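Right, one structure below, let's go through it.
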Amino acid sequence: MRGKAVIIVITGLLGMAVAGISSQAVELEYPAYFPSPVYNFSNNPLTEAGINLGRALFYDPLLSKDGTVSCASCHSSYNAFAHTDHDLSHGINDQIGTRNAPALFNLAWQSSFMWDGAVNHLDMQALAPISHPAEMDEELSKVIEKLRSKLLYRKLSYQAFGDSLMTGEHLLKAFAQFQLTLVSANAKYDEVKKGEARFTVQEQSGYELFIQHCNSCHTEPLFSSYGFADNGLPIDTTLNDFGRWMITKQAADRMQFKIPSLRNLSYSYPYMHDGRFRKLSQVLDHYNGGIEDRETLAEALVKPMMLNNNDQADLIAFLLTLNDQEFVFHKDHQYPRNIFSESEGF
Amino acid sequence: MKLRSFLLAIYCLLGSFSLDAQSGATVVQFEFTFAGEPLLLDKSYYSPSLGDSIQLETLRFYVSDPQLVMDNQQVVVATEQYYLVDAAVPGSLAIRFPQTVPSSRATLQFKLGIDSLTNVDGAKGGALDPINGLYWSWQSGYINVKIEGTSLACPARNNHFQFHLGGYQAPNKSLQQVAMEVPATSVILLEIDLGAYFNQVDVGEVHQIMSPSQKAVTLAQLFATSFKRLP
């Protein structure tokens, strides 16, 4: 009897060591003035273990065909998960893609992904860069095979989903869990919203200009409606990217690109779907006088903004209050040294 | 809900009868043929309409929500909601219902493909795991039917044709409904005649379908009409 009890206790302890406290549910935190997330958490409840697994996957170049490129290669935490200084995304063998790697944050509030909305759910997003020949160029089944051969992932997978054999579903859900935790809501703007800080006179003036000229598409507090719009960029004939039309082939979708958030602009340059602008002033120049008038142009842009130099300076001052330093330097979002440094066996 | 309670009432009225019925099972078995012969993947068949030989190397599709609707409107659902049928995997060719057809005849119905709600509901496991290769990675959505093969009549590279038939959004919804009368029997054989299918699909004309389109819808419709019950 006693022997049995000891075994039970030991088994229990082992179980706890494997499962840890990390299978406990985690609640996504966000400010009261944010809308409700669109992500359906009941299909994929956040857990510490699920987030851990997703974070390890995000930083692991094992996902790519030749083991050289991870998600973080083009989505760096220090750049609000964009690829600063690179106009177009990179892949294995020094390949260059056709679009600017977007910043990743507040993904729980988005229901379509990619500049053209080709992906309809955060869970499914990872499939695209994994398989794209100019990105990771790897088959999902091969990724799963590689992960199953690693003790580390058998352990992480067991902790997260009670199954040491990784599946496509679990890989995608873990990816989503980590990305869902990338909430950016601690910029100066947010402090002002919470009554913890005040805009300067210039920032306040910029905020008013923003509401007047930008908010219809870059809607606060997320600073995007996450819809699609044609913002009048002249076509780059070296890329011939017609945006959402490439997916839907519907005339109305020509030149429609997903509206990006204006949070964290200082960390996530260059701007636009093809990264053509390196500076915010160039972006404002475009909206002030560079818009190409055409049938699909967003209605809000038909009338020119006519911002003078002072207005532009004020607007930029306001946009800089959307930089969220706490988010960009958050330890929980960075390379998971502790996970990867664990011994392979136990 | 009303319908469900109505069905439940009928179920209770016919209690003893249904209890007997529950002891059995109905199996729907898919049988692929080409012009009357059992289809073997990678084997060469002559297609009179192509005027050339044709080999099929991949034949996979989703069947979802299979139901047997009895004469008395009682509905029996299959043991699984989603099936990935693969001509290369003998174990994938059967759909099981937990009871026999108690009435003299019933209607067998299922969807050929994955419905739009499931398409936008995030990652799924089992038959629906994207690892199974019937999911588009660059543009979200399930491939409802995948048919690949070669024919000298096909002008594409290596004479290879690839039909990846999917699309869940208007105007290119490729999901198809299949329904047919079935008798009271425990094994229902469904023949899918690829010979007849390729009499209607000219691989000299259409050889690459890899995204939602009207062509994909048409080819999916034709495929849905290829299911015939064998007496």
Within segment A:125-245, pairs of Lys residues whose Cα atoms are less than 18 angstrom apart, provided they are eight or more positions apart or on distinct chains, add up to 5
Note to self, chain B gives a 222 nm [θ] from helices alone (DSSP H runs n ≥ 4, -39500 (n - 2.57) apiece, / all residues, nearest 500) of -5000 deg cm²/dmol
Highest GNM mean-square fluctuation among A:L122, A:L209, A:L46, for chain A with Cα springs under 10 Å, belongs to A:L209
Restricting to aspartates and glutamates and to Cα separations under 12 Å from B:K124, and discarding same-chain partners fewer than 8 apart, the set is A:D123, A:E169
Within segment B:135-149, the residues whose backbone N lies under 13 Å from a label point placed 7 Å from the Cα of A:E139 along the Cα-to-Cβ direction are B:135
Within the set B:L190, B:L112, B:L175, GNM on chain B using Cα springs under 10 Å gives the largest fluctuation to B:L190
With a Förster distance of 22 angstrom and the Cβ-Cβ distance between A:L165 and A:D332, calculated FRET efficiency to the nearest 0.05 equals 0.20
Here FRET efficiency (C-beta to C-beta, B:V77 to A:N43, R₀ 22 Å, nearest 0.05) is 0.50
Net charge near B:G133 (other residues with Cβ under 15 Å of its Cβ; Lys, Arg +1; Asp, Glu -1) is -4
Those GluC sites (Glu not before Pro) from segment A:267-339 that are DSSP loop and have at most 14 other Cβ neighbours within 10 Å turn out to be A:E292, A:E295
With DSSP loop assignment and no more than 14 other C-beta atoms within 10 Å, the GluC sites (Glu not before Pro) in segment A:190-223 are A:E196
Straight-line reach check, A:K279, cutoff 16 Å on alpha carbons, 8 or more apart in-chain or any other chain, hits among aspartates and glutamates -> A:D85, A:D87, A:D314
Expressed in nanometres to one decimal, the distance between label points 7 Å along Cα→Cβ at A:T98 and A:S23 is 4.5 nm
Listed residues A:D285, A:D60, A:D87; largest mean-square fluctuation, Gaussian network over chain A with Cα springs below 10 Å, found at A:D285
PRE zone check, label point 7 Å out along Cα-to-Cβ of B:V69, amide N under 15 Å, scope segment B:103-125, hits B:105-112
On the formula 1/(1 + (r/R0)^6), with r taken between the Cβ atoms of A:L320 and A:F34 and R0 of 35 Å, the FRET efficiency rounded to 0.05 is 0.95
Other residues with Cβ under 11 Å from the Cβ of A:R294 give, with Lys and Arg +1 and Asp and Glu -1, a net charge of -3
Per its Cα gyration tensor (rounded if a/c is under 1.5, else prolate when a/b beats b/c, else oblate), segment A:217-319 is best filed as prolate
Averaged over the residues of B:83-96, the number of partner chain Cβ atoms within 10 Å of each residue's own Cβ comes to 0
With every protein chain kept in place and a 1.4 Å probe, segment A:75-130 has an accessible area per residue in Å² of 31 Å²
Any lysines whose Cα falls less than 20 Å from that of A:K249, other than same-chain ones fewer than 8 residues away, would be A:K258, B:K173, B:K215
Between chains B and A, the summed loss of accessible surface on complex formation, probed at 1.4 Å and reported to the nearest 100 square angstrom, is 1500 Å²
Site A:K150, offset 7 angstrom along Cα→Cβ, radius 16 Å on amide nitrogen, limited to segment A:101-132, gives A:130
Charge tally for neighbours of A:G91 with beta carbon under 14 Å away, counting Lys, Arg as +1 and Asp, Glu as -1, is -3
Taking chain A and counting helices only, DSSP H stretches of n ≥ 4 at -39,500 (n - 2.57) each over all residues, the nearest-500 ellipticity at 222 nm comes to -10000 deg cm²/dmol
Any trypsin sites (Lys or Arg not before Pro) in segment A:149-194 that lie in a DSSP loop and have at most 16 other Cβ atoms within 10 Å would be A:K150, A:K194
Given unit charges at Cβ for Lys, Arg (+) and Asp, Glu (-), the dipole magnitude of the protein assembly as shown about its Cα centre in debye, nearest 20, is 1200 debye
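The values are calculated or read from the model by the stated rules, or taken from the named source; none is laboratory data. It should be emphasised that the depicted structure is a prediction, and the values quoted were computed from it without experimental measurement. Methodologically, a virtual Cβ is constructed for each residue, glycine included, from the backbone with ideal geometry; neighbour enumeration extends over all protein chains shown. Areas reflect the complete protein model, heavy atoms only, side chains present, ligands, DNA and RNA absent. Shrake-Rupley method; radii C 1.70, N 1.55, O 1.52, S 1.80 Å.
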